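First comes the structure, then the notes that go with it.
What follows is calculated from the coordinates using simple rules that are stated; it is not laboratory data. Since the model is a prediction, treat every value here as computed from it, not as a measurement. Heads up, the Cβs are rebuilt from the backbone with ideal geometry, glycines too, and the neighbour counts pull from every protein chain shown.
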């Protein structure tokens, strides 16, 4: 029997490929709302980030969230995402 394939995704911060379950998904839905999706199953355009503040800061500074999600992101949304990330216990 073949071993089960583990899905991998690229972190926007450190640019390393990691298992999908180890990353946190940032989603832009059809209404244009941007939020963290800890389950990884909500509908919308997604981008992945390590649960690490350093990776978040690198991705924010390089505007990788904006490039990946295809929209301009306000500082308020970045603050909200950073707050949610810190509350997730990492």
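Data table
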quantity: Count of residues meeting criterion [more than 17 Å from residue 11 (Cβ to Cβ), touching a residue at least 24 places away in the same chain (Cβ under 8 Å) and assigned to a helix (DSSP H, G or I)] in the range 31-79; calculated: 1
quantity: Answer from 44, 40 - the residue that is within 30 Å of residue 4 (Cβ to Cβ) and touching a helix residue (DSSP H, G or I) at 6+ places or on another chain (Cβ under 8 Å); calculated: 40
quantity: Unique match (being within 17 Å of residue 67 (Cα to Cα) and within 8 Å of the chain's Cα centre (by Cα)) among 9, 25; calculated: 25
